[in-house]
Amino acid sequence: MATQNSIHVSEELLAELQSKAAAEGKTVDELAEAVLRKGLAEQSWQDLLAYGRERGSASGYTEEDVPRVVKEWRREQRGR
């Protein structure tokens, strides 16, 4: 069950939400929740990509090194 909450958006954004929700046969609340969930998931993905880039850069490896490093790792795993 959802909790009653309030957020404040511009009149322009609210009108856009209302129009889109009506076109999709949803309530503004349903559409807003779906859009917020998608945005949060996208932000999590972008955070993970940034972390990966940061760690990759700190490792000293370049993108060109990746196939070789993966091949070496797989060879080591097979030898276990």
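The values are calculated or read from the model by the stated rules, or taken from the named source; none is laboratory data. As the structure is a computational prediction, the values presented were derived from the model and not from experiment. As a convention, Cβ positions derive from the backbone with ideal geometry for all residues, glycine included, and neighbour counts pool all protein chains shown. Just the protein is used for accessible areas: all its heavy atoms, side chains included, with ligands, DNA and RNA removed. Shrake-Rupley method; radii C 1.70, N 1.55, O 1.52, S 1.80 Å.
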Scanning the stretch 58-68 for residues that are surrounded by 10 or more Cβ atoms within 10 Å (Cβ to Cβ), in a helix (DSSP H, G or I) and within 27 Å of the chain's Cα centre (by Cα) gives Ser59, Asp65, Val66
Requested in this report: Tell me, please, whether a residue that is without any contact (Cβ under 8 Å) to a residue 12 or more places away in the chain, open to solvent by less than 100 Å² (accessible area, probe 1.4 Å) and not in a helix (DSSP H, G or I) can be found in the stretch 27-47.
Outcome: yes
Within the stretch 1-26, the count of residues that are in a loop (DSSP other than H, G, I, E, B) and either in contact (Cβ under 8 Å) with a residue 40 or more places away in the chain or surrounded by 13 or more Cβ atoms within 10 Å (Cβ to Cβ) (or both) comes to 1
